[in-house]
């Protein structure tokens, strides 16, 4: 029963994200392209005060409702709520007006011990680039033999520039 509810929640969230992905203006949650941009070399770390909710600006975990690799940007409250449906939890609070959220969902991994971190958020004149790193379990480490779906969500200063995601390693 729990798997059926999980699958239904995931399917609903994916449909909502997919329906929003064609709406570039008034952005909600949307999957973003992956790849290395030529602007990354010209980019500098994003500046401005880091928005926070209850003194936090990043959340991560081993288990999300997204069982596919996915990259999401949420610039307004509706997208923020959809993003947290993919996490499988309630949002920690409303999205601050001066913030947008970027998220990396790794999708299904065969064991516990996988992690994802956002290592940098870079800004160029043409785009924001979110660099992230997936860390697998250490070789020979004892890990639970269960499917996991690691994720990371981070608040960054609001920008209207397009967002791309790129692995840093």
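Would a scan of the stretch 129-145 turn up a residue that is touching a helix residue (DSSP H, G or I) at 6+ places or on another chain (Cβ under 7 Å) and under 15 Å from residue 73 (Cα atoms)? It would help to see each step written out before you state the result.
First, pick out the residues of the stretch 129-145 that are touching a helix residue (DSSP H, G or I) at 6+ places or on another chain (Cβ under 7 Å): 129.
If we keep only those that are under 15 Å from residue 73 (Cα atoms) too, we end up with 129.
Scanning the stretch 129-145 turns up at least one residue that is touching a helix residue (DSSP H, G or I) at 6+ places or on another chain (Cβ under 7 Å) and under 15 Å from residue 73 (Cα atoms).
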Subset of the stretch 58-95 (residues that are surrounded by fewer than 17 Cβ atoms within 10 Å (Cβ to Cβ) and closer than 22 Å to residue 165 by Cα): 58, 61, 63, 68, 69, 76, 77, 78
When only residues in the stretch 47-93 that are without any contact (Cβ under 8 Å) to a residue 24 or more places away in the chain and assigned to a loop (DSSP other than H, G, I, E, B) count, which is nearest to residue 145 (Cα to Cα)? 89
Only one of 84, 80 is within 30 Å of residue 42 (Cβ to Cβ) and under 13 Å from the mean Cα position of the chain (by Cα). Can you tell me which? 80
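Rule-based calculations on the coordinates, nothing more; no lab input. Note that the coordinates shown come from a computational prediction; the quantities given were computed from them, not determined experimentally. Cβ atoms come from the backbone with ideal geometry, glycine included; neighbour counts cover every protein chain shown.
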